Amino acid sequence: MGDGAHTQDHDPHASVPRSPLFLPALAFAVGSVVGGAFPLSLPALGLILGCGSAGWLLLGTGRIGWPASWLRRFSTALFLLLCLAGAMFHARLPLACPPPDDLRVLPKGKFLNPQWEGRIAAAPDFTPSPRKSDAALSLGRSHFPFAVTRWRESPYAAWRPASGLVDVTLEGTPNRWNSGETVRLSGPLEPPAPPSGPGVFDSRSYLAAQEIHFRLRLPDSSALFVRESKGLESAALGEKTRAWSVAQLQKGIEDDPAVGAILSGMMLGQKETVSPWVLSEFRTTGTYHLFAVSGGNLVLLAGLLIGVLRFGGLISWRWGWMAIPLLYLYVVTTGNQASIIRAFLAAVALFVAWRIGRPVSPLNFWSLTLLGLLALRPAAALDLGFQLSFAIVLALILFAAPLDRLLRRPFALDPFIPLRYATPWQQGREHVNRTVCALLAASLVAWLGVAGLELFDFHQLCLVSVPANFIAVPLGGLIFTVGFLTLLLAPISSWLGILLNNANWLFVKALLAWVSFMAHLPHASHYVAPLGSEPQTRIILTRSGYGTAALIQSGGKTYLLNPGNEKGYFSGLDPVRKYYGINRLDGLFLTQWTAPQGAVLPRLPELFANAPAVYAPPLPPTRRKAPEWIAVLRDYRPSSLLTYGDTLDLGGGLKVTALSPMEDSPGRTASDLGLVLLFDHDGSRLLYAGGIGIGMERDLLAKAGEHQDSFKASVLVQSRKEKDFTLDPEWLAAIAPNDVILISATGREATALEVAPPLRSWNRTDANTGSGTVIVTLPGRGRPAEVREWKAPER
């Protein structure tokens with residue numbers, strides 16, 4: 001029988017496909033979220049399931065004398081409630097009753113110095129060190145999930161069974177181990193650290209959604225011992241293919257590694273080498289999904305492969321399954337990420353349905369994939385990436401086509417004129433109308449589909465997402481298609497691969513220019529403060545990577561104190577700023593001239609409402625630093641250099657007075673030449689002393705003479721870099737603080753903030769305790785400042 005006859009007999013679009021799995025899948029997803037997030041009672045859930053199942057079976061017998069329509073509706077509602085309760089029970093069971101060999105129930109010896117044996121669950125990721133000295137030695141950090149199979153408390157103890165996943169970080173040179181290999185590790189487990197501040201990435205919750213509850217940090221490769229074992233064939237193939245793909249994507253554009261990093265990020269999901277400023281612009285414009293290896297990539301790849309099949313004269317429904325091996329190769333090449341596995345399973349189901357002639361229902365495929373993944377791993381329901389992925393796809397399935405038809409209607413061709421009989425101009429207009437409306441509908445629906453989650457989880461409302469994606473999505477699809485053609489043709493002709501890479505270089509530059517333009521528009525992304533957050537005079541202190549950064553709020557204005565270095569800015573200060581809904585800044589305080597802050601300052605002017613003024617101490621008496629800082633501050637207004645006695649009105653009744661540097665300050669260290677600032681809001685005071693030493697403390701007291709009462713403040717903020725955290729008793733007596741916020745730093749990295757009572761031993765023993773964020777409220781009217789350490793919610 002010919003293909004044409006078979007196509008007519010088994011047309012998958014001959015009838016309207018139904019979606020019977022949609023409501024059960026939705027109920028199961030809600031139950032998984034509730035069961036994983038709340039401590040529910042397993043016996044109570046079991047009782048509900050038992051009684052509900054009995055009632056549902058009784059309804060099915062038809063012995064109840066209700067009308068058939070009532071029975072059908074009540075039976076459906078009861079079935080959905082059973083799906084909800086069953087999902088809650090399914091999600092809660094592994095949390096409340098873990099197996100006896102689970103890592104969570106092992107004895108306390110796991111926190112000492114035990115040995116662990118298991119296999120590498122995914123390909124290790126290597127991140128080069130940002131330090132030039134380390135980069136020259138190829139030093140950095142390897143990271144991979146580790147599936148434990150057995151453990152022992154010491155090298156001489158007997159092995160015992162164990163199960164669970166561990167997040168492993170290995171400091172040193174890049175390793176050559178593959179996914180699936182059996183390795184042996186030595187070291188204590190530690191629970192993942194909670195976020196250091198509000199809005200900061202919560203790695204603890206992210207790992208818990210991956211069913212990872214412990215971390216293991218190894219100082220160097222000598223702490224890891226490899227046992228002879230062959231890795232999984234597919235994993236080894238994926239790692240080799242990934243290394244080969246990265247090399248092919250960078251051929252011909254080696255002189256621009258930034259573009260090569262973006263190509264690797266978009267094609268393979270490797271974002272480690274992409275600039276954080278570039279990633280920040282993509283987040284601001286709502287186009288960050290272009291770096292997520294997910295269903296969009298697989299759809300483009302499957303479409304390209306089906307196009308090749310059709311070009312060869314093969315019918316897609318019959319021969320589409322031939323694309324499955326190449327799709328699987330792409331899955332293992334990207335490291336078997338959860339998002340791409342979801343899309344792959346849906347694609348396989350689609351090809352199978354095509355082959356056997358079943359009706360194709362996108363909503364049913366969505367429901368089947370959701371049910372299957374939550375049945376295998378219920379903790380994934382709490383993963384934000386999982387939620388965003390399914391929310392976007394559901395919104396597109398339900399609303400993209402109706403909105404597309406609505407947008408096309410005013411400009412559509414007369415329905416009584418077949419397109420092939422229209423004039424060339426009418427045909428061209430109709431094609432443009434369909435393309436523009438389809439892109440606009442998809443962008444708008446995708447934005448609306450995730451707007452609620454973004455507002456709830458990120459406090460962000462992206463106002464330019466629709467126009468940004470209108471251009472960025474087609475460009476991203478073009479970049480991916482050209483990149484895949486590069487990989488497809490590279491084994492045949494290297495010069496064709498180089499030619500395509502140069503074309504892709506141009507497309508990437510166009511994408512970066514467009515995203516940067518949209519990100520720098522006024523109010524491109526609006527951040528919203530949490531509900532119930534009232535405006536007040538407060539100082540939010542957080543780690544900056546170099547000392548302490550602070551956001552000073554008063555009278556509707558916000559000032560930034562010390563942006564810190566690049567790493568500290570993105571991991572501490574910027575998330576806190578966004579969490580509290582701070583969209584514009586009114587001024588900048590630099591308490592001291594430090595080189596790490598010079599990398600952040602040129603990027604900040606767009607956050608300021610007007611041309612920002614810089615309040616800083618005089619430049620150090622070294623000529624070589626002055627030209628560098630003049631170049632860094634070229635986008636700022638002329639700096640206001642503060643010295644002893646200068647006072648500024650910050651608005652809302654908050655005033656700040658500079659108590660240092662003095663004109664005749666000896667300046668023993670660079671920190672001694674920094675600003676010491678006294679913030680006063682109607683008698684509520686905070687003294688920021690930076691990193692001045694004991695000698696400078698005594699010089700300031702001597703300068704004040706009999707007027708040492710001017711130093712009195714209810715809160716003192718100060719840091720030390722030495723291990724012996726000692727404050728001068730006379731200095732403490734002059735300030736008389738109720739609370740002291742200690743800033744512990746190792747070298748140039750701030751590690752923790754700790755609120756301590758003033759009458760304690762000032763010998764610092766543990767640099768890693770304390771919070772990452774402290775909120776100091778200045779209520780005024782002579783009342784003392786209120787200090788609150790931000791603590792992450794308990795899990």
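With a point put 7 Å past each Cα toward its Cβ, work out how far Asn738 is from Arg698 in nm, to one decimal. Distance between the two pseudo-spin positions: 3.2 nm. Of the accessible area of region 509-564, computed with a 1.4 Å probe over protein heavy atoms only, carbon and sulfur atoms account for 60 percent.
Under the simplified labelling scheme, the Arg72-Leu521 pair shows an inter-label distance of 5.0 nm, with each label point 7 Å from Cα along Cα→Cβ.
Our coupling estimate for region 409-417, obtained by passing each phi through the Karplus curve with A = 6.51, B = -1.76, C = 1.60 and θ = phi - 60°, is 4, x, 10, 6, 5, 3, x, 8, 10 Hz, Gly and Pro reported as x. Compared with the alpha-carbon gap, the fully stretched path from Trp277 to Ala158 is longer by 37.8 nm at 0.36 nm per residue. Legend: calculated FRET efficiency, Leu139 to Ser203, from the Cβ-Cβ distance at R0 = 22 Å, rounded to 0.05, equals 0.45.
Take the Cβ atoms of Asp102 and Leu488, set R0 to 41 Å, and the FRET efficiency comes out at 0.35. Rolling a 1.4 Å probe across all protein chains gives Met88 an accessible area of roughly 30 Å². Pairs exceeding 22 Å between alpha-carbon atoms, taken from Lys108/Lys791; Lys110/Lys567; Lys251/Lys509: Lys108/Lys791; Lys110/Lys567. Segment Leu42..Asp649, full-extension length gain: 212.6 nm, with 0.36 nm per residue of separation and the alpha-carbon distance subtracted. Other residues with beta-carbon under 13 Å from the beta-carbon of His523 carry, at +1 per Lys or Arg and -1 per Asp or Glu, a net charge of 0. Please give me the summed charge of the neighbours of Glu153: other residues whose Cβ is under 10 Å from its Cβ, Lys and Arg +1, Asp and Glu -1. The answer is +4.
The values are calculated or read from the model by the stated rules, or taken from the named source; none is laboratory data. No experiment lies behind these values; they were computed from the predicted model shown. Using ideal geometry, Cβ is built from the backbone for each residue, glycine included, and neighbour counts are taken over all protein chains shown. The area values use the complete protein model at the heavy-atom level, side chains included, leaving out ligands, DNA and RNA. Shrake-Rupley method; radii C 1.70, N 1.55, O 1.52, S 1.80 Å.
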